[in-house]
Every structure is written in structure tokens, then in C-alpha cells.
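Any read-out appearing in this document is the output of simple, stated calculations on the displayed coordinates, not a laboratory observation. Keep in mind it's a predicted model, so treat the numbers as computed, not measured. Quick reminder, even Gly has a Cβ in these numbers, built from the backbone with ideal geometry, and neighbours come from all protein chains shown.
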Amino acid sequence: MYSQKAIERIEIIQKKIEFIQNIIKEKGSPVQALEDEQNARAAILMHLTSIAEQFDKLLHNGELDILSHFDKQDIKGSYELRNFIAHDYEGVDLHIVEDVIRKRLPIISARIQSILTKYDQ
């Protein structure tokens, strides 16, 4: 069905989402986490970068079956956000990051759970 490497990559994405959720839980909200410039914000941005890189690796390895479960805009948007983080760290719009955290990551996480549930059967 899916390659073992593809499953490993979406498991990494899921783990990074969980790390972000734990940071937010510890800080109380996405806004409070992103206000912590020294620690929480840096960690969240690095995890978002890692998520984008995993999607990019899936795409470049031709793992289209597994990518078909995700909204193309989520994949494209994650990579665009990664580019902003990498190339204009200080200029990253934190409102966009907050929106991604609140709205898109839960959807991506749910799709990963669905894939993994079917894969384990």
C-alpha cells in the first residue's frame, strides 16, 4: 500500500504536530507560545519547518498515494511557510503561524491518524 519510508515520514509529521501542541499546552495558548521568542516560538517554527521538509521529501520521492490524503494547499502552504521561516525569520507573520496551528495542523493530524489506522489493519 504505502512504502515504509512514507509511513515513517508521516509519523515524523505527527510527532512534530504533537510537539507543537505540547508547547502550546504548556504556554496556555498559541499566542502566548509565539510571544515566547527565545524558546517556544523558535521551537514551533523549527517543528513547522520539519513538517514542510517531510512533505517535500514525500513529494520528491514520488509518494503520491500517501500525499493524496492531504489538501494540496496544506502541502504547498507548509512549504511556503518553511521558506518564510528559513529566509526571513524575523519577518514571519505570527498571525499566519497561529492560523496554521489552530486550523490546519488539526486537519493534517486527523488525516495522518486515518492513514495510520488503515495502515495498521
Seminar exercise, completed: Across 94, 34, 45, the residue with the highest GNM fluctuation in the chain (Cα network, 10 Å cutoff) is 94
Exercise. Using the membrane-span-like helix rule (whole DSSP H runs, Cα extent along the own axis of at least 15 Å, mean Kyte-Doolittle hydropathy at least -0.5), which helices of the chain qualify?
Worked result: 4-27, 40-60, 105-120
For this session: Report the percentage of all Cα-Cα pairs in the chain whose separation exceeds 18 Å, rounded to a whole percent.
Result: 48 percent
Seminar exercise, completed: Between residue 15 and residue 37, the two model label points (7 Å from Cα along the beta-carbon direction) sit apart by a distance in nm of 3.1 nm
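Can you give the relative contact order of the chain as a percent, counting alpha carbon pairs under 8 Å and 6+ residues apart?
Relative contact order here is 32 percent.
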Exercise. Relative to the Cα centre, what is the charge dipole magnitude of region 26-77, using +1 at the beta carbon of each Lys and Arg, -1 at the beta carbon of each Asp and Glu, and rounding to the nearest 20 debye?
Worked result: 80 debye
